[in-house]
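Please treat every number below as a calculation from the coordinates, not as lab data. Keep in mind it's a predicted model, so treat the numbers as computed, not measured. Here the Cβ positions follow ideal geometry from the backbone for every residue, glycine too, while neighbour counts run over all protein chains shown.
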Ligand code: ADP
């Protein structure tokens, strides 16, 4: 059976999914899983189409092995396992952070394209090199295997210049310090589902809230992005699991001055110690916080929803209206509390949730009342399928 491998590689993790060809709309992956803890305790978990665990093992590498070598070992271990499943790979699709200003759509990776993608490393040093490494390793090992890169930024290339520009000196903007936005494959997928779920409103102003461990929002007009909450990096905008979201940069100056923070500590502060985890002091996990009676957990939840509502206010102005609001991502798809609380802030605009519909899980559907002035929907996202779709379309598979 010919199949596609979809890879989402980070510095310490590698998520994967395998889809059969020909790719059917919304087909489930036949295998999926992840390799976590690369560089420390590397664990490889693979599941079948029903979610049954097929493999749960530790990948050992000799003491003192460099991170890069460990990442390559993780990839080759995955490739060997895939081969053992009698899967014949026809192509590989990759999630890549940055397509810069050049790529507004997925692209087949040729040596020339790869060189361009490497020039974007300074724009995303925490992700881009790790996204590109598997492409390089695969190209060396299987030179005839086609590879496609799908960019987190591509969907947002339709934003007007005002939405992409920081109020900073022009020469720094010219270096590429701009608001790119991320979670593009998720928004791409949701934008394509909109007509089926919300009908004609899909052509109007729609805000999509992708809320997972990372969280962002995008405002669309006729399914095209006009503004998004994330900017140069995946920190800007909403409060997240462990990230601050937008913050007065003066706080960072204060931490440097008062607590002696350097770049490493600042990075941890922004990416790892804040958000739901920082405010609650308990967990970054929405499920844990919702189950907790601690006032700090309640505060973290309230702040998460308040910040989301304020972001909706801002995006609504950029989009010129609001016909529909869509929730997706682990929190967006599952948290009744978050949806209810966020829509509560929009009540003055005539948005109303149906509490019974808000309880329904696991399918794309509307959750507003018949007399609500704004449509509200939940649409489960499927980033891997989106990448698989682009890979097959570009390669004619
Ligand atoms: P990632 O951004 O890493 O892909 P996900 O989209 O899987 O993350 O989202 C993870 C978040 O979704 C976590 O905060 C988790 O607690 C939350 N989540 C998952 N299931 C539920 C649920 N039933 N109720 C509330 N939150 C949930």
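Taking 4 °C and 1.567 mPa s as conditions, the range 249-288 diffuses translationally at an estimated 119 µm²/s according to Stokes-Einstein applied to its Kirkwood radius (Cα pairs). Summary of packing: across the peptides 267-274, 62-69, the per-residue average of other C-beta atoms within 10 Å ranks them, highest first, as 267-274, 62-69. For the chain, adding -39500 (n - 2.57) for each run of n ≥ 4 DSSP H residues and dividing by the number of residues yields -11500 deg cm²/dmol at 222 nm. Shape class of the range 147-279 from the Cα gyration tensor (axes a ≥ b ≥ c, square roots of the eigenvalues): prolate, since a/c reaches 1.5 or more and a/b is larger than b/c. Dividing the mean sequence gap of close Cα pairs (under 8 Å, 6+ apart) by how many residues the chain holds gives a relative contact order of 14 percent.
Starting from one equal scatterer on each C-alpha and no solvent at all, send me the Debye-based log10 I(q)/I(0) for the range 300-340 at q = 0.22, 0.27, 0.31 Å⁻¹, two decimals. Normalising to I(0) and taking log10 leaves -0.79, -1.03, -1.12. Relative intensity of the chain on a log10 scale, I(q)/I(0) at q = 0.09, 0.13, 0.14 Å⁻¹, equals -0.55, -1.20, -1.38, per a Debye sum over C-alpha point scatterers of equal strength in the absence of solvent.
Here the Debye sum runs over all C-alpha atoms of the range 12-74 as equal scatterers in vacuum, and log10 of I(q)/I(0) at q = 0.24 Å⁻¹ comes out as -0.93. Taking the Kirkwood radius as Rh and the Cα radius of gyration as Rg, the range 76-149 has a ratio of Rg/Rh equal to 0.99. Please work out the Kirkwood hydrodynamic radius for the range 1-107, using every pair of different C-alpha atoms, and report it in angstroms with one decimal place. Evaluated over the range 1-107, this radius sits at 14.8 Å. Label reach from residue 142 (point 7 Å along Cα→C-beta): in the range 1-29, amide nitrogens under 17 Å belong to 1-9, 15-23. For the range 232-329, the alpha carbon convex hull comes to 120 Å³ per residue, rounded to a whole number.
Using the Cα gyration tensor of the range 88-227, with a ≥ b ≥ c the square roots of its eigenvalues, what is the shape: rounded (a/c below 1.5), prolate (a/b larger than b/c) or oblate (neither)? Judged from the Cα gyration tensor, the range 88-227 comes out oblate (a/c at least 1.5, b/c at or above a/b). Look at the alpha carbon pairs under 8 Å that are at least 6 residues apart: their mean separation over the length of the range 107-238 gives a relative contact order of 22 percent.
If the viscosity is 0.890 mPa s and the temperature 25 °C, what Stokes-Einstein diffusion coefficient in µm²/s follows for the range 40-96 when Rh is the Kirkwood radius over Cα pairs?
Working: Rh = 13.0 Å.
D = 188 µm²/s.
For the chain, modelled as a GNM whose springs connect Cα atoms under 10 angstrom apart, the maximal fluctuation among 126, 252, 238 occurs at 252.
Comparing mean-square fluctuations of 34, 147, 85 from a GNM of the chain with C-alpha springs under 10 Å, the top value falls on 85. The three principal axes of the Cα atoms in the range 306-392 give end-to-end lengths of 45, 32, 23 Å, sorted in falling order. Spatial offset of the range 292-323 relative to the range 163-215 amounts to 17 Å, using the alpha carbon center of each.
Counting beta carbons within 10 Å around each of 365, 203, 156, 389 and listing the fewest first gives the order 365, 203, 389, 156. Using 0.36 nm per residue and subtracting the Cα-Cα separation, the extra length available between residue 347 and residue 1 on full extension is 119.4 nm.
For a Förster distance of 35 Å, can you work out the FRET efficiency between the beta-carbons of residue 267 and residue 369, rounded to the nearest 0.05? According to the calculation, E is roughly 0.20.
The GNM of the chain, with springs linking C-alpha atoms under 10 angstrom apart, assigns the highest mean-square fluctuation among 52, 224, 15 to 52. Of the beta bridges in the chain, as assigned by DSSP with both residues counted there, near 65 percent are antiparallel. For 178, 264, 201, the sequence from fewest to most other C-beta atoms within 10 Å is 264, 201, 178.
Fewest-first ordering of 347, 311 by other beta carbons within 10 Å of each residue's beta carbon gives 347, 311.
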